[in-house]
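Coordinate-derived values only; no laboratory data. No experiment lies behind these values; they were computed from the predicted model shown. Note that each Cβ is placed from the backbone with ideal geometry, even for glycine, and that neighbours are counted across all protein chains shown.
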């Protein structure tokens with residue numbers, strides 16, 4: 001069986017990916033892909049991983065967990081999605097981005113230790129990710145939340161290296177959250193594993209949240225009369241319509257954080273670009289690009 005863990009991250013797709021796959025789970029089930037509701041597995045997997053304490057689950061435990069999640073259904077591929085898999089918002093920047101994610105995910109993997117496993121996650125520019133995450137976590141003041149971590153020293157490549165070190169045989173797929181509107185069909189297919197002939201319903205919900213209703217209607221009509229021949233052509237069409245019809249308050253996000261200067265933010269932007277270039281160069285990591 002293939003086990004897919006969509007790790008989020010926090011403040012990226014905000015569970016839009018999971019909602020889309022759940023809407024299409026009947027069609028996906030026809031291909032042997034199971035997308036259970038999150039209430040069936042999030043607490044169960046967390047508690048089971050804690051009980052196992054890093055040890056592989058036996059066949060009886062695996063059967064019990066699988067029965068709780070999918071019952072009598074038969075699946076070749078099982079998709080789990082939870083942005084708390086790698087860690088919780090309050091500690092997401094402590095000692096680096098999700099510093100314990102590698103071991104946490106190794107613990108989850110031990111529930112189905114012999115399964116073919118994949119990790120999928122979106123990365124986001126730290127200059128916008130940290131403010132959004134700070135607002136999401138609530139409770140902690142900014143200094144307590146950051147714990148002295150320097151914005152310009154945070155690297156997503158450190159998170160990915162930690163995931164790889166603790167889970168050397170797992171396939172890892174990444175993408176930039178900023179690119180998601182352009183690559184959404186490829187992201188959905190990468191996570192679900194559905195065939196190229198399968199058309200998912202409501203797969204344009206993300207674009208609908210970023211573009212005016214008039215713009216969406218025009219883009220849909222254009223694609224119906226000029227069907228894109230490949231993903232690159234679709235990206236060019238989407239990009240053109242976003243340029244003209246995007247809801248700017250959803251696209252151009254501005255944050256003010258204590259002690260952050262324009263120079264720091266500019267440096268963070270440049271560091272993010274270099275960090276993504278570093279990840280693109282890793283031979284055993286797949287990066288979906290626009």
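Points to keep in mind about this one:
- When restricted to residues that are surrounded by 19 or more Cβ atoms within 10 Å (Cβ to Cβ), assigned to a helix (DSSP H, G or I) and free of Cβ contacts under 8 Å to residues at least 40 places away in the same chain, region 61-103 contains 0.
- If the condition is being surrounded by fewer than 16 Cβ atoms within 10 Å (Cβ to Cβ) and either touching a strand residue (DSSP E or B) at 6+ places or on another chain (Cβ under 6 Å) or on the phi > 0 side of the Ramachandran plot (or both), then region 118-147 contributes 138, 139, 147.
- Qualifying residue in region 10-25 (condition: part of a loop (DSSP other than H, G, I, E, B) and more than 27 Å from residue 178 (Cα to Cα)): no
- Selected residue (criterion: farthest from the chain's Cα centre (by Cα)) from residues of region 161-176 that are surrounded by 17 or more Cβ atoms within 10 Å (Cβ to Cβ) and assigned to a strand (DSSP E or B): 172
- Qualifying positions in region 241-277 - surrounded by 15 or more Cβ atoms within 10 Å (Cβ to Cβ) and either under 30 Å from residue 171 (Cα atoms) or under 20 Å from the mean Cα position of the chain (by Cα) (or both): 268, 271, 272, 275, 276
- Any pair with Cβ under 9 angstrom, 6 or more apart, that starts in region 263-290 at a residue that is free of Cβ contacts under 8 Å to residues at least 60 places away in the same chain and at negative phi and ends at one that is surrounded by fewer than 15 Cβ atoms within 10 Å (Cβ to Cβ) and not in a helix (DSSP H, G or I): 280/289
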